[in-house]
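One structure is given below, encoded as structure tokens.
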Amino acid sequence: MRSLDPSKYDVVPIAITHEGRWLGSKDAVKMLTPGDAIQAALKGAEPMAVLPEPRQNGAVDVFFPIVHGTYGEDGTIQGLLELAGVPYVGAGVLGSAVGMDKDVMKRLLREAGLPIGDYWVTRSKDIGNFIREIGPTLPYPVFVKPANLGSSVGISKAHNLAELPAALAMASEFDRKIVVEQGIDAREIELSVLGNDDPQASIPGEIVPSREFYDYQAKYVDD
């Protein structure tokens with residue numbers, strides 16, 4: 001928020017707690033309190049009705065969703081804003097949902113003729129069969145991920161068959177659908193694309209993690 005020019009933008013922060021309460025400006029900034037102090041800071045916070053009536057949101061001109069992960073990047077909150085008929089920034093419902101589901105995303109990329117690494121999909125109820133039937137044939141190392149989650153939460157790297165069961169068990173704590181990806185020894189390059197009818201791509205950036213792979217610790221904790 002500090003990066004926005006106050007002479008151009010009047011920022012109205014809105015926060016959503018883990019319990020699903022929506023908080024207005026005064027209480028929303030308390031969500032930025034580090035560590036365990038958040039609960040104490042939110043004591044007595046008053047929930048607010050963010051979208052009480054379609055197309056009637058007071059002084060809010062445009063919503064800027066910066067919520068990570070489930071409900072924030074998977075098309076859920078985008079659908080809420082669509083139903084309310086208010087403008088918002090970022091990908092729409094379909095783009096958000098497809099981008100979050102790693103299995104569906106890979107299917108569409110492959111259908112479009114883009115090269116992707118080998119991957120396998122299993123369900124939490126089928127983990128035992130997957131380990132017995134597919135596990136011995138996998139090209140280790142492999143990355144094991146919840147199909148629908150972000151920020152590298154629930155992801156682990158299995159270097160061999162012995163490490164596969166624990167990796168699948170951890171991923172299943174976050175999603176019933178699990179994606180197992182072939183490990184590829186290569187440089188990792190990322191870029192962003194902004195725009196609809198006339199999209200523009202950012203300059204490429206290379207990810208050089210401080211750990212074995214770009215996990216949650218490397219993304220948000222390590223210097």
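The values are calculated or read from the model by the stated rules, or taken from the named source; none is laboratory data. Computed from a predicted structure; not experimentally measured. Ideal geometry is used to build each Cβ from the backbone, glycine not excepted, and the neighbour counts take in all protein chains shown.
With surrounded by 13 or more Cβ atoms within 10 Å (Cβ to Cβ), among the small types (Gly, Ala, Ser), outside the structural domain of Ser152 (by TED's automatic domain parsing) and modelled with pLDDT of 80 or more as the only criterion, which of Ala91, Ala45 stands out?
Residue meeting the stated conditions: Ala91.
Among the residues of the stretch 63-106, write down those that are in a helix (DSSP H, G or I) and over 30 Å from Arg123 (Cα atoms). Even if it seems obvious, please write down each step before you answer.
Step one: of the stretch 63-106, the residues in a helix (DSSP H, G or I) are 76-84, 93-100, 102-106.
Result: Leu81, Glu82, Leu83, Ala84.
I'm checking my understanding of the structure. Among residues of the stretch 163-217 that are in contact (Cβ under 8 Å) with a residue 60 or more places away in the chain and out of contact with any helix residue (DSSP H, G or I) (no Cβ under 9 Å at 6 or more places or on another chain), which one is surrounded by the most Cβ atoms within 10 Å (Cβ to Cβ)? Lay out the reasoning, then the answer.
Step one: of the stretch 163-217, the residues in contact (Cβ under 8 Å) with a residue 60 or more places away in the chain are 177, 179-182, 184, 213-216.
If we keep only those that are out of contact with any helix residue (DSSP H, G or I) (no Cβ under 9 Å at 6 or more places or on another chain) as well, we get 182, 184, 213-216.
Details: Gln182: 15, Ile184: 12, Phe213: 15, Tyr214: 16, Asp215: 20, Tyr216: 15.
Going through the qualifying residues, I end up with Asp215.
Return yes when Val142 is modelled with pLDDT of 95 or more, over 26 Å from Gln78 (Cα atoms) and either in contact with a Gly (Cβ under 9 Å, 6 or more places away or on another chain) or β-branched (Val, Ile, Thr) (or both) and no when it is not. Even if it seems obvious, please write down each step before you answer.
Values: modelled with pLDDT of 95 or more: yes; over 26 Å from Gln78 (Cα atoms): yes; either in contact with a Gly (Cβ under 9 Å, 6 or more places away or on another chain) or β-branched (Val, Ile, Thr) (or both): yes.
Yes, satisfied.
Which of the numbered conditions does Asn129 fail, given that it passes all the others? Conditions: (1) in the same structural domain as Val67 (by TED's automatic domain parsing); (2) more than 22 Å from the chain's Cα centre (by Cα).
Here Asn129 meets the rest and fails (1).
Conditions tested, residue by residue: (1) out of contact with any Asp or Glu (no Cβ under 9 Å at 6 or more places or on another chain); (2) at pLDDT 95 or above.
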| site | (1), (2) |
| --- | --- |
| His159 | yes, yes |
| Lys177 | no, yes |
| Gln182 | no, yes |
| Leu194 | yes, no |
| Glu206 | no, yes |
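From the set of residues in the stretch 131-155 that are of a type in the set (Ser, Thr, Tyr) and within 19 Å of Asp101 (Cβ to Cβ), which is surrounded by the fewest Cβ atoms within 10 Å (Cβ to Cβ)? Give the steps one after another, and end with the answer.
Kept after step one, since they are of a type in the set (Ser, Thr, Tyr), are these residues of the stretch 131-155: 137, 140, 151-152.
With within 19 Å of Asp101 (Cβ to Cβ) added as a condition, the list becomes 151-152.
Details: Ser151: 13, Ser152: 18.
That would be Ser151.
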